[in-house]
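See below for the structure under consideration.
The values are calculated or read from the model by the stated rules, or taken from the named source; none is laboratory data. Being a predicted model, the structure only gives us computed values, none of them experimental. Cβ atoms come from the backbone with ideal geometry, glycine included; neighbour counts cover every protein chain shown. All accessible areas refer to the heavy atoms of the entire protein, side chains included, with ligands and DNA or RNA removed. Shrake-Rupley method; radii C 1.70, N 1.55, O 1.52, S 1.80 Å.
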Amino acid sequence: MAPERPEGGSNEEALMPGGFGRAQPQRRVGKTALYEVRQLSVAPPQSAQLPAADRAIQAEVEAFFAQSQQEHPEALALAWSAGVYNPLAKVDLLAVGARFLEPEEEDWLALARLVGWLDIEDELDAIYFTAPPPDFALEQADWYLRPDLTTFLESPVLLRAVVQQYPMTEASLRSAINQKVAGLGCSAEQRTRFVLELFKQPETDLAEGDWALLLFELQSQLSGER
């Protein structure tokens, strides 16, 4: 099981200029790499459409954060480590050629949400395209898992590294499966029949990779997708 997360920021933080706070959750309707990038992209604001007074305020705020980054880089590095600051929040991901998520990354994120490792309703809200301090260089940017939206991370970690460092254990998957079965109100007999129909073998003979598939199938049943 993943270790407990230390106390962090509230899930109700508002998005502030300069990357502080969090973007509004984006809903996922498909599981394609191109859609991942498009949905997670935060388009630059249309400043020209804002009233003159609002544009002036926005310019002042952006200038403040630019000056703050020069004078207090350690503070921004600390905010980045807490998961609440992303200087690349306004980057057009398609324009900069952000890489597509790998299938194993997509699967890990989905499973991590189901087993309770992600404190979010949509697993894609737990990742963002960012770069580490002190430079926050775009050429070093990649997909990171936000620590404030997980139950086990203390700082942002590369998604590809998390997948390798925190593999899904059979114990975590089976615990989540038991919860899904309880949520469906299935009897032991119904559970046995469901597994036999799905895998053509009893649950005691399931291979390591079968537990993830069983969890996905049960979640589909619980969500009324099947």
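Name every residue in segment 200-226 that is at negative phi and more than 30 Å from the chain's Cα centre (by Cα), in order of residue number.
Taking segment 200-226 as the starting set, the residues that turn out to be at negative phi are 201-223, 225-226.
Correct list: Gln201, Pro202, Glu203, Thr204, Asp205.
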What number of residues in segment 114-149 are among the charged types (D, E, K, R) and either assigned to a helix (DSSP H, G or I) or closer than 18 Å to Ala161 by Cα (or both)? 6
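For segment 183-199, how many residues meet the condition of being outside any helix (DSSP H, G or I) and either on the phi > 0 side of the Ramachandran plot or in contact (Cβ under 8 Å) with a residue 12 or more places away in the chain (or both)? Give the derivation first.
Residues of segment 183-199 that are outside any helix (DSSP H, G or I), as a first pass: 185-187.
The next check asks that each one be either on the phi > 0 side of the Ramachandran plot or in contact (Cβ under 8 Å) with a residue 12 or more places away in the chain (or both); those that pass are 185.
So the count comes out to 1.
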I'd like to verify a number: residues in segment 208-226 that are farther than 12 Å from Leu173 by Cβ and open to solvent by 40 Å² or more (accessible area, probe 1.4 Å), how many? 6
When you go through Thr169, Thr151 one by one, which is the residue that is surrounded by fewer than 22 Cβ atoms within 10 Å (Cβ to Cβ), in contact with a Gly (Cβ under 7 Å, 6 or more places away or on another chain) and under 29 Å from Ala207 (Cβ atoms)? Thr151
Tally up the residues in segment 81-105 that are open to solvent by less than 20 Å² (accessible area, probe 1.4 Å) and either small (Gly, Ala, Ser) or outside any loop (DSSP other than H, G, I, E, B) (or both), please. 4
If you scan segment 90-126, which residues turn out to be of a type in the set (A, V, I, L, M), farther than 21 Å from Thr169 by Cβ and in contact with a Lys or Arg (Cβ under 9 Å, 6 or more places away or on another chain)? Leu93, Leu94, Leu124
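Filter segment 154-166 down to the residues that are part of a helix (DSSP H, G or I) and more than 30 Å from Phe194 (Cβ to Cβ), then identify the one that is most open to solvent (accessible area, probe 1.4 Å).
Pass one, segment 154-166, residues part of a helix (DSSP H, G or I): 159-165.
Right, trim to more than 30 Å from Phe194 (Cβ to Cβ) and you get 159-162, 164-165.
Values: Leu159: 0, Arg160: 114, Ala161: 25, Val162: 0, Gln164: 142, Gln165: 116 Å².
Out of the qualifying residues, it is Gln164.
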Taking the criterion of being open to solvent by less than 40 Å² (accessible area, probe 1.4 Å) and either among the hydroxyl-bearing types (Ser, Thr, Tyr) or under 18 Å from the mean Cα position of the chain (by Cα) (or both), would at least one residue in segment 179-195 satisfy it? no
Tabulated pairs, segment 76-94, first on the phi > 0 side of the Ramachandran plot, second part of a helix (DSSP H, G or I) and among the acidic types (Asp, Glu), C-beta under 8 angstrom, 6+ apart or interchain: Gly83/Asp148
